[in-house]
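Asks: One structure, as structure tokens, below. Some questions next.
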Amino acid sequence: MIDSTHPLIGHWKSTDDFDDVVVTITPKQNSFAVSVRDHADGEQAEIFETNYDGDTLSFAAHWASNGRLIKYRFLLQSEGTVNVTYTFSDQEIWQKQTT
């Protein structure tokens, strides 16, 4: 059972101070509930595919405003520090080349 004393529980923010996204992790039975909010505009991401394997917490966040999908992996490094790996979708405009 995961409880409120687990070191992943809390509010997490990038140390670069350029990102207004805050990830909130709370206990939920034998796993975690995750919410992600962009505090610059108040948008809340849709969260799915949450999984905890005993070491790594992974989840996906979908931002409706721009269609971006971000997959996150949180690995606890020490009390109050996580290593976050993320991949995201992006969007571009392409043009057909003429020969």
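Asks: Take the residues of the stretch 53-99 that are at pLDDT 95 or above and of a type in the set (Phe, Trp, Tyr): which is nearest to residue 10 (Cα to Cα)?
Replies: 74
Asks: Is it true that some residue in the stretch 1-20 is within 12 Å of the chain's Cα centre (by Cα), in contact (Cβ under 8 Å) with a residue 60 or more places away in the chain and assigned to a strand (DSSP E or B)?
Replies: Scanning the stretch 1-20 turns up at least one residue that is within 12 Å of the chain's Cα centre (by Cα), in contact (Cβ under 8 Å) with a residue 60 or more places away in the chain and assigned to a strand (DSSP E or B).
Asks: While we're on this one: In this structure, is residue 55 over 15 Å from residue 22 (Cα atoms), touching a Lys or Arg at 6+ places or on another chain (Cβ under 8 Å) and of a type in the set (Asp, Glu)?
Replies: Values: over 15 Å from residue 22 (Cα atoms): yes; touching a Lys or Arg at 6+ places or on another chain (Cβ under 8 Å): no; of a type in the set (Asp, Glu): yes.
Judged against the criteria, residue 55 is not a match.
Asks: Kindly indicate the residue of the stretch 21-48 that is aliphatic (A, V, I, L, M) and more than 10 Å from the chain's Cα centre (by Cα) and also nearest to residue 66 (Cα to Cα) among those meeting that condition. Working first, answer last.
Replies: The first filter runs over the stretch 21-48 and keeps only residues aliphatic (A, V, I, L, M), leaving 21-23, 25, 33-34, 36, 40, 45, 47.
Imposing the further condition that a residue be more than 10 Å from the chain's Cα centre (by Cα) reduces the set to 33, 40.
Details: 33: 23, 40: 15 Å.
By that ranking, first place goes to 40.
The rows are residues; the columns are (1) surrounded by 13 or more Cβ atoms within 10 Å (Cβ to Cβ); (2) over 13 Å from residue 63 (Cα atoms).
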{"position": "4", "(1), (2)": "no, yes"}
{"position": "9", "(1), (2)": "yes, yes"}
{"position": "17", "(1), (2)": "no, yes"}
{"position": "23", "(1), (2)": "yes, yes"}
{"position": "27", "(1), (2)": "yes, yes"}
{"position": "34", "(1), (2)": "yes, yes"}
{"position": "42", "(1), (2)": "no, no"}
{"position": "46", "(1), (2)": "no, no"}
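Asks: Please determine, by comparing only the residues of the stretch 54-98 that are surrounded by 11 or more Cβ atoms within 10 Å (Cβ to Cβ) and touching a residue at least 40 places away in the same chain (Cβ under 8 Å), which one is nearest to residue 44 (Cα to Cα).
Replies: Top of the filtered list is 72.
The values are calculated or read from the model by the stated rules, or taken from the named source; none is laboratory data. From a predicted model like this one, the values you see are computed outputs, not experimental measurements. Here the Cβ is made from the backbone with ideal geometry for all residues, glycine too, and neighbour counts use every protein chain on show.
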